[in-house]
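Participant: I'd like to ask some things about the structure below.
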Amino acid sequence: MVSSWNEECGIFGVYGHLEAANLTYLGLYALQHRGQESAGIVSSDGKGLYAHKDMGLVSEIFNKDVLKRLPGRSAIGHVRYSTAGATHLKNAQPFVFDYSKGGIAIAHNGNLTNAQVLRDQLEKEGAVFQGTMDTEVIIHLFAHANTGPPVERVIAALKDVKGAYSLLFLNEKELIAARDPHGFRPLVLGRIKDGYVVGSETCAFDLIGAEFLREIEPGEVVLINADGVHSFHPFPTAQHQFCIFEFIYFARPDSYIFGHNVYQVRRELGVQLADEHPAEADMVIPTPDSGIPAAIGYAHRSGIPLELGIIRNHYVGRTFIEPRDAIRHFGVKIKLNSVKEAIKDKRLVVLDDSIVRGTTVRKNMRMIKNASPQKVHVRISCPPIIGSCYYGIDTPTREELIASSHSVEEIRQYIHVNSLGYLSLEGLKRCVAPNEDEFCYGCFTGEYCLEPPQDDAQLDFFIKEV
Ligand code: AMP
């Protein structure tokens with residue numbers, strides 16, 4: 001059975017720089033928000049591949065000594081996040097494998113939708129799989145394409161693959177980047193001195209002083225080697241399906257992806273929301289951090305002052321151990337706390353980026369209510385989420401999405417607030433104009449351009465693990 005465990009990943013690669021592993025470390029550091037469970041780097045010195053990966057944060061896994069053991073002028077790296085119960089080092093990427101012509105490493109962001117079908121076929125032909133990751137299917141297809149240079153094998157492998165992928169491959173001499181024809185996940189290309197960088201988001205380039213050249217196009221395969229950058233468009237063109245959720249929650253506000261700066265889009269979501277759902281209020285309060293840009297937009301448009309009524313503890317890590325018994329039940333306060341003196345007796349507009357299961361906003365509102373505001377109006381800077389994502393964002397099954405079975409009024413009652421307003425789909429689209437038709441809105445419409453995985457096994461997996 002193939003898992004959906006590539007969700008929410010970040011990838012980064014460097015070609016042609018003396019400090020390739022160090023730069024990749026920094027690139028991953030900037031992309032840490034895309035995955036906190038494991039991280040890995042594979043480097044090449046032209047003769048061999050060198051790998052290090054582990055569970056944890058980039059800063060915990062890599063230090064000077066580890067990075068020294070990753071020599072060479074090119075490298076690729078990966079950060080991975082999974083909410084699935086068990087955490088496994090064997091699922092940490094990049095994967096390194098040997099085939100008839102040498103070694104190759106692969107780092108993948110996205111989810112394939114036909115991985116199980118392909119895996120069944122490959123197994124019938126005698127392939128043996130080590131794990132459950134859908135990325136392994138690409139590896140087998142690469143190895144099966146038994147002629148031609150690596151870039152041709154990559155193209156041959158990807159011809160059969162459906163779904164979302166932004167991929168990096170590294171062999172001894174070359175770095176290859178590929179983005180699926182729909183372009184679900186972002187992938188950007190940059191330059192640093194005489195070398196090149198490729199990554200999920202431009203914020204990684206900013207950190208290392210790389211120049212952003214362009215986005216890698218949907219369906220494009222880019223080969224970087226001693227002769228420079230070579231671009232291929234080997235696949236039939238397809239309707240673009242950029243993930244709108246990157247703008248709502250996932251990407252970093254300082255990044256430029258899908259033709260827009262993320263912060264500006266998020267701020268505009270707040271402006272639209274103020275037009276669609278005005279409120280009589282004394283202050284606009286962001287839910288930090290993800291609600292901040294939209295709250296700024298809402299406050300600006302409505303003329304209602306922005307106040308920090310909720311403070312976030314930025315040092316809450318994955319390793320927090322909740323004490324037992326008497327001092328337990330911290331609930332949401334571990335991460336967020338209200339500023340009681342600022343909120344008391346005030347009419348609030350509280351901004352958040354999204355409601356998924358509804359548990360977070362419910363807890364947050366309980367905390368806010370304890371500070372005795374006069375009124376609480378919640379505004380959400382995206383439409384109700386009614387469908388799971390099959391392309392790389394970790395949303396739970398449909399049944400767990402509160403908006404798939406409850407009306408806005410029912411959700412308002414559930415979170416105990418005076419009013420609740422979601423941004424409309426039309427309003428959302430206006431914020432990413434003029435290329436609004438290039439986006440996937442599946443989580444808001446339940447309509448998907450690529451069929452979700454059809455086989456029962458994989459659907460079961462989504463239900464069990466996510
Ligand atoms: P909940 O409604 O309790 O499931 O939590 C929703 C909150 O989690 C949102 O306000 C976001 O800040 C955050 N969030 C939304 N989507 C994701 C995701 N795919 N992974 C992690 N956190 C998310």
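The values are calculated or read from the model by the stated rules, or taken from the named source; none is laboratory data. A quick note: this is a predicted structure, and the numbers were derived from the prediction, not measured. Because the Cβ atoms are built from the backbone with ideal geometry, glycine has one as well, and the counts that use them run over all protein chains shown.
Participant: All but one of (1) under 22 Å from the mean Cα position of the chain (by Cα); (2) acidic (Asp, Glu); (3) outside the structural domain of VAL417 (by TED's automatic domain parsing) hold for GLU268; which doesn't?
Facilitator: Unmet for GLU268, out of (1) under 22 Å from the mean Cα position of the chain (by Cα); (2) acidic (Asp, Glu); (3) outside the structural domain of VAL417 (by TED's automatic domain parsing): (3).
Participant: Restricting the range 262-317 to residues that are away from the ligand (no atom under 15 Å from the Cβ) and of a type in the set (D, E, K, R), which is farthest from CYS382 (Cα to Cα)?
Facilitator: Filtering the range 262-317 for residues that are away from the ligand (no atom under 15 Å from the Cβ) and of a type in the set (D, E, K, R), the one farthest from CYS382 (Cα to Cα) comes out as ASP282.
Participant: Counting only residues that are within 12 Å of the ligand (Cβ to nearest atom), over 21 Å from PRO186 (Cα atoms) and aliphatic (A, V, I, L, M), how many does the range 386-405 have?
Facilitator: 3
Participant: For the range 384-449, which helices (runs of 4 or more DSSP H) that fit wholly inside it have 1 or more residues that are over 19 Å from the mean Cα position of the chain (by Cα) and among the charged types (D, E, K, R)?
Facilitator: 408-415, 425-431
Participant: Identify, please: which residue in the range 53-84 is away from the ligand (no atom under 16 Å from the Cβ) and β-branched (Val, Ile, Thr) and is, among those, nearest to HIS17 (Cα to Cα)?
Facilitator: ILE76
Participant: Specify the residue that is nearest to LEU308 (Cα to Cα); the eligible residues are those in the range 332-364 that are assigned to a loop (DSSP other than H, G, I, E, B) and touching a residue at least 40 places away in the same chain (Cβ under 8 Å).
Facilitator: Step one: of the range 332-364, the residues assigned to a loop (DSSP other than H, G, I, E, B) are 335, 339, 344-346, 353-358.
Imposing the further condition that a residue be touching a residue at least 40 places away in the same chain (Cβ under 8 Å) reduces the set to 346, 353-358.
Values: LYS346: 13, ASP353: 16, SER354: 19, ILE355: 20, VAL356: 23, ARG357: 25, GLY358: 22 Å.
Looking at residues that are assigned to a loop (DSSP other than H, G, I, E, B) and touching a residue at least 40 places away in the same chain (Cβ under 8 Å), I get LYS346.
Participant: Just the residues that are among the β-branched types (Val, Ile, Thr) and assigned to a strand (DSSP E or B), please, taken from the range 275-311. Steps first, answer last, please.
Facilitator: Residues of the range 275-311 that are among the β-branched types (Val, Ile, Thr), as a first pass: 284-285, 287, 292, 296, 304, 310-311.
Answer for the range 275-311, where residues must be among the β-branched types (Val, Ile, Thr) and assigned to a strand (DSSP E or B): VAL284, ILE285, ILE310, ILE311.
Residue-wise test of (1) within 25 Å of LEU31 (Cα to Cα); (2) outside the structural domain of VAL188 (by TED's automatic domain parsing); (3) of a type outside the set (A, V, I, L, M, F, W, C).
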residue: PHE95; (1), (2), (3): yes, no, no
residue: ASP98; (1), (2), (3): no, no, yes
residue: LEU118; (1), (2), (3): no, no, no
residue: VAL128; (1), (2), (3): no, no, no
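Participant: Another question, if that's okay. Suppose we filter ASP325, ASP345 for residues that are on the phi > 0 side of the Ramachandran plot and modelled with pLDDT under 65; which single one remains? Lay out the reasoning, then the answer.
Facilitator: On the way: ASP345 fails: modelled with pLDDT under 65.
None of the other options fit; the residue is ASP325.
Participant: Let me ask something else about it. Applying the selection to the range 46-58, what residues are touching a helix residue (DSSP H, G or I) at 6+ places or on another chain (Cβ under 9 Å) and either β-branched (Val, Ile, Thr) or in a loop (DSSP other than H, G, I, E, B) (or both)?
Facilitator: If the condition is that a residue be touching a helix residue (DSSP H, G or I) at 6+ places or on another chain (Cβ under 9 Å) and either β-branched (Val, Ile, Thr) or in a loop (DSSP other than H, G, I, E, B) (or both), then LEU57, VAL58 are the ones that fit.
Participant: Which of the following residues is surrounded by fewer than 20 Cβ atoms within 10 Å (Cβ to Cβ) and within 17 Å of LYS90 (Cα to Cα): ASP45, ASP54?
Facilitator: ASP54
Participant: Can you find a residue in the range 253-273 that is in contact with a Phe, Trp or Tyr (Cβ under 6 Å, 6 or more places away or on another chain) and under 30 Å from GLN374 (Cα atoms)?
Facilitator: Yes - at least one qualifying residue is present in the range 253-273.
Participant: OK, next. Can you tell me how many residues within the range 242-265 are under 15 Å from the mean Cα position of the chain (by Cα) and not in a strand (DSSP E or B)?
Facilitator: Of the residues in the range 242-265, 14 are under 15 Å from the mean Cα position of the chain (by Cα) and not in a strand (DSSP E or B).
Participant: Given the structure, is PHE169 buried (at least 24 other Cβ atoms within 10 Å of the Cβ) and in contact with a helix residue (DSSP H, G or I) (Cβ under 8 Å, 6 or more places away or on another chain)?
Facilitator: Numbers: buried (at least 24 other Cβ atoms within 10 Å of the Cβ): yes; in contact with a helix residue (DSSP H, G or I) (Cβ under 8 Å, 6 or more places away or on another chain): yes.
Criteria met by PHE169.
Here's the yes/no breakdown for (1) away from the ligand (no atom under 16 Å from the Cβ); (2) in contact with a strand residue (DSSP E or B) (Cβ under 8 Å, 6 or more places away or on another chain); (3) among the aliphatic types (A, V, I, L, M); (4) touching a residue at least 12 places away in the same chain (Cβ under 8 Å):
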{"residue": "SER166", "(1), (2), (3), (4)": "yes, yes, no, yes"}
{"residue": "PRO181", "(1), (2), (3), (4)": "yes, no, no, yes"}
{"residue": "VAL198", "(1), (2), (3), (4)": "yes, yes, yes, yes"}
{"residue": "GLU220", "(1), (2), (3), (4)": "yes, yes, no, yes"}
{"residue": "CYS243", "(1), (2), (3), (4)": "no, yes, no, yes"}
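Participant: Something else now. Could you count how many residues in the range 287-322 are in contact with a Pro (Cβ under 8 Å, 6 or more places away or on another chain) and either modelled with pLDDT of 95 or more or outside the structural domain of LEU428 (by TED's automatic domain parsing) (or both)?
Facilitator: Number satisfying all stated conditions: 11.
Participant: Just checking, which of VAL378, VAL361 is within 12 Å of the ligand (Cβ to nearest atom), surrounded by 24 or more Cβ atoms within 10 Å (Cβ to Cβ), over 24 Å from the mean Cα position of the chain (by Cα) and within 19 Å of ARG312 (Cα to Cα)?
Facilitator: On the way: VAL361 fails: over 24 Å from the mean Cα position of the chain (by Cα).
After applying the criteria, what remains is VAL378.
Participant: If you don't mind, there's one more thing I want to ask. Tally time: how many residues in the range 198-248 are within 20 Å of VAL151 (Cβ to Cβ) and either in contact with a Pro (Cβ under 7 Å, 6 or more places away or on another chain) or not aliphatic (A, V, I, L, M) (or both)?
Facilitator: Residues in the range 198-248 being within 20 Å of VAL151 (Cβ to Cβ) and either in contact with a Pro (Cβ under 7 Å, 6 or more places away or on another chain) or not aliphatic (A, V, I, L, M) (or both): 19 in total.
Participant: Let me ask something else. In this structure, is TYR422 aromatic (Phe, Trp, Tyr), in the same structural domain as ALA294 (by TED's automatic domain parsing) and away from the ligand (no atom under 13 Å from the Cβ)?
Facilitator: no
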